[in-house]
Amino acid sequence: MGHPDFGKAVPCRCAQEEFERELQVRLQRYSNLGSLTRFTFASLLPQGRSTEPQNQQRFSLALEAARAFAIEPKGWLVLIGPGGSGKTHLAAAIANERINNGYPAFFQSVPDLLDHLRAAFSPDSEIPYDELFERVRNVPLLVLDDLGVQTSTPWTMEKLDQLLNHRFNNELPTVITTSTPVTELEESLRSRLTDPQLSQIFLIAERATPLLEYGWGEGFELQKSMTFDRFDWKRINLPIEQRENLKESFRIAFDFAKSPEGWLVLLGETGCGKTHLAAAIANYRYQAGQPALFMVVPDFLDHLRSTFSPESEVTYDQLFERVKTTPLLTLDDFGEHSTTPWAREKLYQVINYRYNARLATVITTRCSLDEIDSPVSSRLTDPKISLVWNITAPDYRTDATASRRKSARQGKK
């Protein structure tokens, strides 16, 4: 009768186990980790994927700090490195470790978070904006992935400032990953991330520029010869409107090659010259000693699939990150690829990343923009970043054949 627990209901072992399972389900759902639940400390290589001793040492130090942070989250942990260096895996492992121990954590990429905040203003949103923003601001552990690739509009900077300033002032545990050097971030972000009293910063690997970005790889012999000097825009057998269109196409491409900014989308039928101009831009940049990457879209997807093979010399992350982040990317024959969900997802990820990061991009396609998936076409047609130009000239090869036949007939006469 005198026992302190007398009269209290005590759950049996089965009920307690069921409660713990339900708690784990709720925490997982709240975390927003999704498929990243597979990213744990147990699945990490202790020295990372790099073969360079210096990067292996850097990764080991970051891994040690991440393990300690997962046990007792204090302050901010900032992980810096290029794609494929393991920073997202480390950040997700921290969140997964906290959840497995019964503590809440919320994982979100910065561009996706900003998209969700915008969508929360809609009357159809499942969660109101104020509720969503308050949840992110005050979650016991927040993991922000890919800081620095978001579109830098006044609105996005205001939201990030509000979020990070609140967590900074209240010293709320936060993990941040970025592929952007801290010195290149906005001053308001940089000042918080580098505060020595709050933040630990770990550089996992230096950002490297692949050699292929400075020249053509194998299989591009034809594109090597496609220069501006060899582009024939004075095709006298064409109507004057089409000749003027070719002349203007040449000027637009040449101006872009001199100073690649924004996106250039070249439309036109097969053989009209759009691939020649796109390759000429790459050749111009190579001759100037500047990086550029030319990818034929169906071939790119094939290469991406092949990286899953154990015999592949390039990892999936390495190839995908190189295409996403190269300073100047050409995607040739967009729309000629298979329309599987996987292919659409990979191309959307590339397009969306480069759109948010405002990276110079050239796209050629014979499709009309109405035929391209709306999430992609909406970015291709954004007038703030993209110039869409339709080349109206006919197939050069068909046109040249007809011209030769006409000359032959005139010769017989």
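Just a few scattered comments:
- In region 272-361, the convex hull through the Cα atoms has an average projected area of 6.5 nm², a quarter of its surface area.
- Shown here: region 127-197, whose C-alpha atoms stretch 35, 29, 18 Å along the first, second and third principal axes, sorted largest to smallest.
- Fraction of accessible area attributable to carbon and sulfur, region 311-365 (%, probe 1.4 Å): 48 percent
- Across every pair of non-identical alpha carbons in region 212-362, the mean reciprocal distance, once inverted, gives a Kirkwood radius of 16.4 Å.
- FRET efficiency, 1/(1 + (r/R0)^6) with R0 25 Å, evaluated for E72 and Q162 via beta carbons: 0.40
- Computed lengthening from E371 to I240, 0.36 nm per intervening residue step minus Cα-Cα distance: 44.2 nm
- Split the chain at each of the chymotrypsin sites (Phe, Trp or Tyr not before Pro) in a DSSP loop with at most 11 other beta carbon atoms within 10 Å, and the longest piece is 122-307.
- Taking amide H as placed 1.01 Å from N in the peptide plane, the amide H of L328 sits under 5 Å from that of L293, each at least 5 places away or on another chain.
- Solvent-free Debye calculation, one equal scatterer per alpha-carbon of the chain: log10 I(q)/I(0) at 0.10, 0.11, 0.12 Å⁻¹ equals -0.80, -0.92, -1.05.
- Projecting label points 7 angstrom from Cα along Cα→Cβ for E261 and Q287 puts them 2.3 nm apart.
- Theoretical FRET efficiency, 1/(1+(r/R0)^6), r = Cβ-Cβ of L198 and E126, R0 25 Å, to 0.05: 0.15
- Estimated distance in nm for a label pair at H3 and E221, the labels positioned 7 Å out from Cα along Cα-to-Cβ: 8.8 nm
The values are calculated or read from the model by the stated rules, or taken from the named source; none is laboratory data. In this text the structure is predicted, and so the values were computed from the model without any measurement. Cβ: placed from backbone, ideal geometry, glycine included. Neighbour counts: every protein chain shown. These area figures cover heavy atoms from the full protein model, side chains too; ligands, DNA and RNA do not enter into them. Shrake-Rupley method; radii C 1.70, N 1.55, O 1.52, S 1.80 Å.
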